[in-house]
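Read through the structure below, which is laid out as structure tokens, and then see the notes.
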Amino acid sequence: MAIKEYIRERFFPHIWCPGCGHGIVLNSLLRAIEKLGMSKNEIVMVSGIGCSSRISGYVDFHTLHTIHGRALAFATGVKLSRPELNLIVPMGDGDALAIGGNHFIHAARRNIDITAIVMNNRIYGMTGGQYSPLSGYGTMATTAPYTNIDHSFDTVQLAMAAGATFVARTTTYHVQQMTKIFREAVLHEGFSVVEVLSQCPTYFGRKNRLGTAVDMMEQYKNNTTPVGSKAKKENPDLIERGIFVQKELPEYCHEYDKIIERAMQKIT
Amino acid sequence: MSDNIKFLQGNEACVEGALYAGLEFFAGYPITPSTEIAELLAYRLPQRGGRFIQMEDEIASMCAIIGASLTGRKVMTATSGPGFSLMQEALGYAIMAEIPCVIVNVQRGGPSTGIPTHVSQGDVNQARWGTHGDHAVVTLTASNHQDVFAMTVEAFNIAETYRTPVILLFDEVVGHMREQLVVPQEGELALVERLRTAVKAGVDYHPYLPREDGRLPMSDFGGIHRYNVTGLFHDMWGFPSDKPQVVHDLIRHLVDKINNNVNQITKYKSYYLDDAEFILISYGASARSALHLVEYLRPRGERIGLLELQTLWPFPDYLVREKCGHAKYVIVVEMNMGQILQEVRRVMDQPQKVFLANRIDGVFITPMDIRNIMRVVQGKGV
């Protein structure tokens with residue numbers, strides 16, 4: 001199926017700013033789905049609120065655009081109710097890890113088969129450039145006019161600690177890798193987290209003097225390194241990208257099927 | 001003794017009613033005094049292939065049932081005041097996106113953590129206006145276990161008929177009290193199943209284009225029609241829109257579909273109203289004490305009656321006016337500061353003849369409490 005077949009052209013043009021990384025994420029995701037040969041009817045995309053969440057409107061799947069931070073909770077209801085469906089949940093960094101942080105760690109803990117994508121642009125774009133939990137100490141934002149004193153956390157480390165069984169990171173510069181990682185993440189049976197560093201030239205870039213969208217993408221090229229590379233040992237400031245965790249553990253809906261079996265035996 | 005006669009708590013009667021109605025999915029979070037509902041459903045739902053999940057909080061519980069409902073399931077959650085507060089945003093989402101679901105609030109005293117193990121009816125207005133923005137909402141209640149069962153079934157029926165969340169506003173006394181329930185036979189109570197679209201695959205399906213009768217046939221997530229669901233104002237495709245006409249039409253639709261059907265949605269019970277000079281209006285546990293007083297005073301020559309409301313929202317203006325217009329005095333009996341009192345005063349031609357008998361101390365209101373107010377109203381002193 002051509003990529004175009006996955007798009008709801010009726011709803012274009014999209015709302016993203018020129019240079020935004022989110023369109024690249026959409027493109028890579030659809031390429032991954034196309035390579036997997038999945039039918040549109042078996043995919044449910046659930047999103048929250050923010051720039052990232054608008055992605056669900058543009059794809060021709062079953063799409064649920066919900067409330068801020070709660071996409072994973074809605075997705076949990078869909079998945080547990082119909083385990084045969086494939087759940088993809090794109091979120092922004094604020095959506096997933098500030099207001100939605102609790103749902104994020106608990107979905108990971110359950111190991112429910114959902115692919116969570118954190119489109120990390122380090123800022124609240126839709127409301128005009130406020131600092132997010134991933135902006136980082138010393139950055140500038142409209143709510144940090146004297147610099148940000150909030151420390152960020154590491155999405156990958158957090159997901160690992162919470163029990164996600166597939167954890168990866170990539171960037172909008174590394175589109176081939178992103179497509180490959182998305183394929184693996186969607187195929188993985190269990191809770192998958194993919195963090196994608198995605199540039200916001202309009203707010204994060206402008207506030208922090210990072211240049212154009214192209215400059216920001218070039219920084220992803222220069223500031224990142226494959227997981228476990230020698231370069232990371234020499235320069236600890238480099239951000240690792242690639243697959244950090246990929247392990248098989250019992251998936252939540254399968255476990256619940258066993259509960260149903262046990263409960264049914266009890267009454268017969 | 002027949003198998004279908006049970007002696008149980010009100011919370012258990014609610015579970016029985018939900019299962020009778022065809023509940024398939026429950027998500028919840030422990031909170032007094034509603035927890036028994038979750039505990040029992042964790043046990044009972046998987047026995048019939050249904051699914052139970054304990055979520056990380058009440059926000060997530062409300063969201064999870066909305067997600068499950070979209071796949072075609074009958075869904076419910078249960079909570080009490082603090083949890084109900086947390087659910088309000090997602091409740092508004094279910095109203096906006098028109099997702100059938102049932103929310104049980106077994107009321108405790110509030111505000112805040114309040115008085116978790118004691119009775120109150122303080123969430124009546126929260127049920128009406130807890131979520132932001134103009135909207136209509138359906139709220140049912142009951143005073144005994146037979147009615148808890150029936151109203152729970154009714155809640156599912158209304159949710160499916162009007163594609164709306166329905167709130168079951170019970171209280172701690174009814175929830176924890178034990179009494180008899182006769183579980184109706186299969187087929188004895190009517191069940192409304194979801195209206196699904198007849199539009200075939202490959203033909204455009206408009207999820208948010210109401211039929212002439214105002215109803216919107218649904219299509220299950222995972223089925224042949226793919227569409228968008230959003231909490232933003234949306235067009236017939238379910239796609240966000242800020243066109244003034246779209247916004248206006250949608251909010252009118254959301255409010256009208258409930259308010260224009262107030263007669264179908266209104267459930268109530270009346271006792272000795274025809275010649276009553278003194279009318280008590282009550283609901284939930286309070287109606288038990290009100291009825292007790294009526295039954296006590298009638299043989300003693302007092303022309304007293306009771307209007308027991310089972311539908312609180314949309315408020316049955318016409319019913320109250322019709323049943324109580326002729327009364328000399330009306331006393332609203334409730335365990336709050338007068339939340340239904342306000343409504344009754346609003347709809348009555350002579351609001352000055354409407355009085356309040358209430359308790360707000362976590363103690364169940366007694367027939368004597370009501371009797372004392374009656375005597376004051378009658379000018380007899382306490």
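The values are calculated or read from the model by the stated rules, or taken from the named source; none is laboratory data. For clarity, every value in this text was computed on a predicted model and none was experimentally measured. Glycine gets a Cβ as well: all are built from the backbone with ideal geometry, and neighbour counts include every protein chain shown. These area figures cover heavy atoms from the full protein model, side chains too; ligands, DNA and RNA do not enter into them. Shrake-Rupley method; radii C 1.70, N 1.55, O 1.52, S 1.80 Å.
Can you compute the helix-only [θ] at 222 nm over chain A? Use -39500 (n - 2.57) per DSSP H run of at least 4 residues, normalise by all residues, nearest 500 deg cm²/dmol.
Helix-only estimate at 222 nm: -10500 deg cm²/dmol.
Mind checking the dipole of the protein assembly as shown: about its Cα centre, +1 per Lys or Arg Cβ, -1 per Asp or Glu Cβ, Debye to the nearest 20?
For this selection, approximately 720 debye.
Chain pair B, A: how much accessible area is buried, both chains summed, with a 1.4 Å probe, in Å² to 100?
Roughly 3700 Å² of accessible surface disappears when B and A pair.
For B:V247, what accessible area in Å² do you get when you roll a 1.4 Å probe over the heavy atoms of the protein chains, rounding to the nearest 10?
40 Å²
Just check the protein assembly as shown against the gyration tensor rule for me: Cα atoms, a ≥ b ≥ c as the square roots of the eigenvalues, rounded for a/c under 1.5, and otherwise prolate or oblate depending on whether a/b exceeds b/c.
Since a/c reaches 1.5 and a/b is larger than b/c, the shape of the protein assembly as shown is classed as prolate.
At a 1.4 Å probe radius, which order do B:V377, B:V203, B:V229 fall into by accessible area, largest first?
Largest accessible area first, the residues go B:V203, B:V377, B:V229.
Measure out, as a whole number of angstrom, how far apart the alpha-carbon centroids of the stretch A:86-148 and the stretch B:124-171 sit.
Spelled out, the Cα-based centre of one part sits 35 Å from the other.
Of B:L306, A:L187, which has the most accessible area and how do the rest follow, probe 1.4 Å?
Descending accessible area places them as A:L187, B:L306.
Given a Förster distance of 30 Å, report the FRET efficiency between B:K328 and B:I360 from their Cβ-Cβ distance, rounded to the nearest 0.05.
0.70
Please give the helix A:71-81 orientation as an angle from the longest Cα principal axis of chain A, in degrees from 0 to 90, rounded to the nearest 10.
Helix A:71-81 sits at roughly 20 degrees to that axis.
In sequence order, what are the phi-derived ³J(HN,Hα) couplings for the stretch B:113-130 according to the Karplus relation 6.51 cos²θ - 1.76 cosθ + 1.60 with θ = phi - 60°, rounded to whole Hz, with x for glycine and proline?
Couplings: 5, x, 10, x, 9, 10, 8, 6, 10, x, 9, 4, 6, 5, 4, 6, 10, x Hz.
What is the helix-to-structure angle for A:22-36, meaning the angle in degrees between its Cα long axis and the longest Cα principal axis of chain A, kept from 0 to 90 and rounded to the nearest 10?
The answer is roughly 40 degrees.
Using a ≥ b ≥ c from the Cα gyration tensor of the stretch A:207-256 (square roots of the eigenvalues), is it rounded, prolate or oblate, where a/c under 1.5 gives rounded and otherwise the larger of a/b and b/c decides, a/b for prolate?
Because a/c hits 1.5 or more and a/b fails to exceed b/c, the stretch A:207-256 counts as oblate.
Over the protein assembly as shown, average the accessible area per residue using a 1.4 Å probe and give it in Å², no decimals.
40 Å²
What is the percent carbon and sulfur in the accessible area of the protein assembly as shown, measuring with a 1.4 Å probe over the protein chains and ignoring ligands?
52 percent
Shape of the stretch B:295-382 from its Cα gyration tensor (a ≥ b ≥ c, root eigenvalues): rounded if a/c is under 1.5, otherwise prolate when a/b > b/c, or oblate?
Verdict is oblate for the stretch B:295-382.
Report relative contact order for the stretch A:3-267 in percent, whole number only (criteria: Cα-Cα under 8 Å, sequence separation at least 6).
18 percent
State which helices in chain B qualify, where a helix is a whole DSSP H run, it must extend 20 Å or more along its own axis by its Cα atoms, and its mean Kyte-Doolittle hydropathy must be at least -0.5.
Both cut-offs are met by B:81-97, B:145-162, B:244-259.
Roughly speaking, what is the centre-to-centre gap between the stretch B:205-267 and the stretch A:1-66 when only Cα atoms are used, to the nearest Å?
A separation of 24 Å, based on Cα centres.
Just tell me how shielded B:216-226 is by partners: mean number of partner chain Cβ atoms within 10 Å of each residue's Cβ, no decimals.
So the per-residue partner count for this stretch is 4.
Based on Cα coordinates alone, diagonalise the gyration tensor for the stretch B:74-131, multiply each eigenvalue by 5, take square roots, and list the semi-axes in whole Å, largest first.
Largest first, the stretch B:74-131 gives 22, 12, 9 Å.
Return a whole-number percent for the relative contact order of the stretch B:316-365, with Cα pairs under 8 Å and 6 or more residues apart as the contact set.
Averaging sequence separation for qualifying contacts and normalising by length gives 41 percent for the stretch B:316-365.
List, by residue number, every residue in the stretch B:65-91 with a reduction of 20 Å² or greater in accessible area between the chain on its own and the complete protein assembly, 1.4 Å probe.
B:G67, B:T71, B:R73, B:E89
Which value in nm describes the separation of the simple spin-label points at A:K232 and B:E193, placed 7 Å from the Cα toward the beta carbon?
5.5 nm
R0 = 35 Å: FRET efficiency of A:Q176 with B:I251, Cβ-based, nearest 0.05?
E between A:Q176 and B:I251, to the nearest 0.05, is 0.15.
Could you put A:Y220, B:Y329, A:Y173 in order of accessible surface area, largest first, with the 1.4 Å probe and the full protein assembly present?
A:Y173, B:Y329, A:Y220
Taking a 28 Å limit on the Cα-Cα distance, which of the listed pairs A:K180/A:K233; B:K6/B:K267; B:K243/B:K267; A:K266/B:K6 fall beyond it?
Among A:K180/A:K233; B:K6/B:K267; B:K243/B:K267; A:K266/B:K6, the Cα-Cα distance tops 28 Å for B:K243/B:K267.
Could you state the angle between the C-alpha long axis of helix A:213-223 and the longest principal axis of the C-alpha atoms of chain A, as a value from 0 to 90 degrees rounded to the nearest 10?
Long axis of A:213-223 versus the principal axis of chain A: about 80 degrees.
Using protein chains only and a probe of 1.4 angstrom, how many square angstrom of A:H254 are accessible, to the nearest 10?
90 Å²
What percent do you get for the relative contact order of chain B when only Cα pairs under 8 Å and 6+ apart count?
Contact order relative to length: 16 percent.
Consider all pairwise Cα distances in chain A and report the whole-number % of them above 32 Å.
Of all Cα-Cα pairs in chain A, 20 percent lie more than 32 Å apart.
If you average 1/r over every pair of different alpha-carbon atoms in chain B and take one over that average, what Kirkwood value in Å do you get?
Radius from the Kirkwood sum: 21.5 Å.
Under a crude label model (7 Å from the Cα following the beta-carbon direction), how far is B:R346 from A:E255 in nanometres?
Label-label distance for B:R346 and A:E255, simple model: 4.7 nm.
At a 10 angstrom cut-off on C-beta neighbours, averaged per residue, how do the peptides A:54-61, B:280-287 rank from highest to lowest?
B:280-287, A:54-61
Taking a label point 7 Å from the Cα of A:Q246 along the Cα→Cβ vector, which residues of the stretch A:172-206 have an amide N closer than 14 Å to it?
A:177-190, A:192-194
Using only protein heavy atoms and a 1.4 Å probe, report how much of A:S39 is accessible, in Å² to the nearest 10.
50 Å²
What share of the DSSP beta bridges in the stretch A:3-267 is antiparallel, in percent to the nearest 5?
So the antiparallel bridges in the stretch A:3-267 amount to around 20 percent.
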